[in-house]
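The values are calculated or read from the model by the stated rules, or taken from the named source; none is laboratory data. Remember, predicted model here, so these are calculated numbers, not experimental data. Note that each Cβ is placed from the backbone with ideal geometry, even for glycine, and that neighbours are counted across all protein chains shown.
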């Protein structure tokens, strides 16, 4: 049953590759002027640093025994994302359509989305009461990246799959042997 979700995610990623140009064009041509500033602020301040620090702080305060797993797996995950970005070197969507022209680096995978989804599993497992709130935040983080024109939809979906997979791997103790 759980493998169907991964298959669905991978299928969604592959389909999105074919429609990236259409989706980014639609998103940028149909922007709501009043929403642009909100989207810029939200996507700027909810970077991977936001997810890392907020979730790390929450774990440190309420579930301290899991902080080392979170910090170590986060460090490895940052390196993994950097390696993937460097290996693939996918350019960002057209700079003239971006609401945030200062974005640099490569597009795939979305660092914002990948780390937000990476953090989601920690929240989901350690703080189940807040999982839906963080899920909404993660979805907003991901969609505003496409809306702002700094990522393709496939960048966000790829980041989501990588983030979910790696965090599940680290929490299932296949990477680290920590007591619960």
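Residue count for segment 137-174 under the criterion of being free of Cβ contacts under 8 Å to residues at least 40 places away in the same chain and over 28 Å from residue 21 (Cβ atoms): the result is 4. Scan 26, 70 and give me the residue that is exposed (fewer than 15 other Cβ atoms within 10 Å of the Cβ) and assigned to a helix (DSSP H, G or I). 26 is the lone residue from the list that is exposed (fewer than 15 other Cβ atoms within 10 Å of the Cβ) and assigned to a helix (DSSP H, G or I).
If the condition is being at pLDDT 85 or above and farther than 15 Å from residue 84 by Cβ, then segment 154-180 contributes no residue at all.
Selection of segment 58-87 for residues being modelled with pLDDT of 85 or more and over 16 Å from residue 119 (Cβ atoms) yields 79, 82, 83, 84, 85, 86, 87.
Scan segment 117-132 for residues that are in contact with a helix residue (DSSP H, G or I) (Cβ under 9 Å, 6 or more places away or on another chain), surrounded by fewer than 24 Cβ atoms within 10 Å (Cβ to Cβ) and in a helix (DSSP H, G or I) and the total you get is 7.
Taken together, the residues in segment 37-53 that are touching a residue at least 40 places away in the same chain (Cβ under 8 Å), touching a helix residue (DSSP H, G or I) at 6+ places or on another chain (Cβ under 9 Å) and in a helix (DSSP H, G or I) amount to 7.
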